[in-house]
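**Student:** Quick one: the structure is below, questions incoming.
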Amino acid sequence: MTSRSRKEAGGYYTPERIAATLVRWVVRDETDRLLDPSCGDGRFICRHRTSIGVEREAAAASAARERAPRALVHEGDFFAWAASTGERFECAAGNPPFIRYQTFRGEVRARAMRLCASLGAVFSGLASSWAPFLVAAAGLLKPGGRLAFVVPAEIGHATYAAPLLDYLSARFDVVHIVAVREKLFPELSEDCWLLYAEGFGGSTSELRLSALDRFEPSPRPPRQAACIAVNEWREVWNRRLRPYLLPEAVRQSYRTVAAHPESTRFGGVASIGIGYVSGANRFFHLRPSEADAWQIPSAFLHPTVRNSRALPPRQLTRRSIARWRRSDDPMMLLRLGKLAELPASVRRYLNTEEGRLARESFKCRTRNPWYSVPDVRVPDFFLTYMSGVAPSLVRNLAAATCTNTVHGVRLRDRSAARRIVTAWHTPFVRLSCEIEGHPLGGGVLKLEPGEATRIVFPPPGLPAALPNRKVEAALRTMRAWRHCDDSR
Ligand SMILES: C[S@@+](CC[C@H](N)C(=O)[O-])C[C@H]1O[C@@H](n2cnc3c(N)ncnc32)[C@H](O)[C@@H]1O
């Protein structure tokens, strides 16, 4: 497989020692029947004689037959097979394909969603393939059955993982997630964790979470585990497991500070959203020399932040803009609004070959008029949403606008500006960014607008409840989990 088609099929095979560990735990008796719903080249099913594998790719299915001659391998879509089979299993194990929602489409997705809904799990349009795979595999277990799977670490924060954890806690006696910090798949940017569930047909009001620095083969999941009340996970932590990677004392203090009447969440004082999408940045962003050459009136040009790299660390001032201008950066947005009458010079620019190409881009051809870039706003602050060590909050003193590569923050309560600026660099707010944001791979912390609205600003002095040295240690922990070296 090429690396692209491999990624699209979610085709990364599990290292042998991990497959061996999961099968060893999940199979309890020689007569148990084991299911791998996406068996790849058969490295789970080859470890137990009464196994069934399903695999969509013909070449992988035939490799699986060769590797596991005693197993039965069905070639085709697992969801189609699962919807029609009458077979039931004592256990299921494997590593479901991790195909993101953009590629997990069409009939396979529709079948997956139908099947999961009939089993009681409803996923949003943003669900990646692996979560429905687990629900559908669980639906084929006999009472008392078990699951043991490799899962993306997104299980710890993705919104779409919550219906899966809800489903598992409502259907199994024990649900145990094992977070593993060191990469299980060194060639992938995504981290993977392990999921163990047993006692199908039961239910539990708690989730277990163990945090390991590295994977070690073992006959069972670690004994040491945090017991997470499902209610607390839902109501306090926004249905995320990642905060439970922190020591309980830190978590409780964070919770106390967040609930303090004088604390505020970012969304309480500001609205946070993405910048504009021009549809053709190369065309809509002009260099000063280009604007001069085309004689575009300055009334139609607006300074813009093209990406987070262009941002100074704390304030964007008129001097910063002058610097961009001197370096002839493509820093001016052609801002025409919905004007029907345009100056001749602008019309000439719109009618260039670049203009023709821009007009054909998806965003431009689906808006009217095509040259009117929507959602151009002047925020009070810019907020980086993909950050290395920590997100930057940059005050906009230059009345600039921004593309969707950074977030725009508009204060609802102007008197909050000072408090926010002062608190932004404190360890507590940095920790809050780690808790409310999520890792993206490659050491990056991502803050979606909804996550940014949850960042907690405590009243001055209150984090005394949580001494700085403890917050710093918690920050190091969270950064280590996203592979960020914070000594940079
Ligand atoms: C991450 S690999 C894991 C393979 C194997 N379980 C392992 O861990 O080594 C996922 C496999 O799922 C297969 N797959 C993807 N979509 C599928 C579908 N709808 N039905 C069955 N298999 C599918 C891919 O071809 C790929 O071989």
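The numbers here are math on the coordinates, done by the rules we state, and not lab data. What you see is a predicted model; the values in this text were computed from it and never measured. Positions of Cβ are generated from backbone atoms using ideal geometry, with glycine treated the same way; all protein chains shown enter the neighbour counts.
**Student:** Which ordering of LYS470, LYS363, LYS338 is given by a fewest-first count of other beta-carbon atoms within 10 Å?
**Tutor:** The most exposed by this proxy come first: LYS338, LYS363, LYS470.
**Student:** What distance in nm separates the simple spin-label points at ARG377 and LEU397, each placed 7 Å from Cα in the Cβ direction?
**Tutor:** Each label point lies 7 Å from its Cα, and together they span 2.3 nm.
**Student:** Can you give the convex hull volume of the alpha carbon atoms of the stretch 107-254 per residue, in Å³?
**Tutor:** 120
**Student:** Do any GluC sites (Glu not before Pro) in the stretch 22-63 lie in a loop, going by DSSP, with at most 11 other beta-carbon atoms within 10 Å of their beta carbon, and if so which?
**Tutor:** GLU30
**Student:** What would the Debye formula give as log10 I(q)/I(0) at q = 0.09, 0.20 Å⁻¹ for the alpha-carbon point model of the stretch 322-471, no solvent?
**Tutor:** So the normalised log intensities work out to -0.43, -1.27.
**Student:** Would you mind checking the radius of gyration and Dmax of the stretch 401-462 based on alpha-carbon positions, in Å?
**Tutor:** According to the Cα coordinates of the stretch 401-462, Rg and Dmax are 12.7, 37 Å.
**Student:** When averaged across all projection directions, what area in nm² does the alpha-carbon convex hull of the chain cover?
**Tutor:** Values: hull surface 102.7 nm².
The number I arrive at for the chain is 25.7 nm².
**Student:** Quick one: give the max-minus-min coordinate of the C-alpha atoms of the stretch 3-245 along each principal axis, largest first, in Å.
**Tutor:** Reported extents, whole Å, longest axis first: 48, 38, 37.
**Student:** If you take the beta carbon distance between SER218 and GLU341 as r and set R0 to 51 Å, what does 1/(1 + (r/R0)^6) give as a FRET efficiency, to the nearest 0.05?
**Tutor:** After rounding to 0.05, the efficiency reads 0.10.
**Student:** When N counts the residues of the stretch 13-154, how does its alpha-carbon radius of gyration compare numerically with 2.2 N^0.38 Å, as a ratio?
**Tutor:** On the way: Rg = 14.0 Å, N = 142, 2.2 N^0.38 = 14.5 Å.
With N residues counted in the stretch 13-154, Rg over 2.2 N^0.38 Å equals 0.97.
**Student:** Once you have the Kirkwood Rh of the stretch 276-365 from its Cα pairs, apply Stokes-Einstein at 20 °C and 1.002 mPa s and quote D in µm²/s.
**Tutor:** My calculation gives 154 µm²/s for D.
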